[in-house]
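As structure tokens, the structure follows; a few thoughts come after it.
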Amino acid sequence: MTTIVHLLRHGEVHNPEGILYGRLPGFHLSERGRRQALTVAEAVAAHDITHVVASPLQRAQETAAPIAAAHRLDVQTDERLIEAGNMFEGQKVAVGDGVLRQPRHWSKLRNPFLPSWGEPYVEIAHRMLGAVLRARSKAEGHEALCVSHQLPIWTLRRFLEAKPLWHDPRRRQCSLASLTSLVFDGEELVKIVYSEPAGATDPKVTGA
């Protein structure tokens, strides 16, 4: 029995100050982000989606809404799909700008393999896997769609591919409104398929 769990990164967020918004409330989709969500909804309209679940954050809920509506489903919420915790939340962290230029913050960067500035990669991978397995169970024999965030999706993908969880953020293959689709044969993961129905974006976009 084939079941597919799609991991959808939310659309572009209205973030004029360019801060790392992380888990902060009140960050909603931009106009472009809403168009991206609609584009994905159109792209998966013919799919056999029977379960839609999202991170509790506003941008994820807004991205999930048109997809759920197209399949006459309610958006469920799973806390395990939330963005990764980060000590720099609410601040500017772009290279050459913001808090990373301040020596008092450098101690937080001491261990990029954990990472020391936020939620450990292994914890992200484990909670995301739990959310995926629940979604697979809910949609057994059909398709589920989970709306989450760039780092959690990419961390889970590396975990499933048995790759080191630490990585260069500039090399993440997880554009805004992209789909990382996990194909299961029964309970066995047999394939991972990546697609960008709304087009490619820069993985260094602040926030995620």
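The values are calculated or read from the model by the stated rules, or taken from the named source; none is laboratory data. Everything quoted here is computed from the prediction, not taken from an experiment. Note that we place each Cβ from the backbone using ideal geometry, even for glycine, and neighbour counts take in every protein chain shown. What goes into the accessible areas is simple: the full protein's heavy atoms, side chains included, and nothing from ligands, DNA or RNA. Shrake-Rupley method; radii C 1.70, N 1.55, O 1.52, S 1.80 Å.
Structure notes:
- Chymotrypsin sites (Phe, Trp or Tyr not before Pro), loop per DSSP, at most 15 other Cβ atoms within 10 Å - longest free stretch of the chain: 1-112
- Where 1, 87 fall by accessible area, highest first, once all protein chains stay in place (1.4 Å): 1, 87
- Max mean-square fluctuation residue, GNM over the chain, Cα-Cα springs under 10 Å, options 179, 24, 156: 24
- Counting 0.36 nm for each residue step from residue 163 to residue 138 and taking away their Cα separation leaves a gain of 6.2 nm.
- For Rg and Dmax of the Cα atoms in Å, the candidate list reads [x] 16.6, 55; [y] 15.8, 45; [z] 17.1, 70; the entry that matches the value derived from this model is [x].
- Ranking 196, 140 by solvent-accessible area of protein heavy atoms (1.4 Å probe, all protein chains present), from largest to smallest, gives 140, 196.
- Exposure rank, largest accessible area first [77, 201; 1.4 Å]: 77, 201
- Residue-level accessible surface for residue 163, protein heavy atoms, 1.4 Å, Å²: 100
- The figure for residue 49 is an accessible area of roughly 10 square angstrom, using a 1.4 Å probe on the protein chains alone.
- Proximal charge balance of residue 60 [Cβ under 14 Å; K/R count +1, D/E count -1]: 0
- Sum of -39500 (n - 2.57) over DSSP H runs of 4+, divided by residues of the chain (222 nm, nearest 500): -8500 deg cm²/dmol
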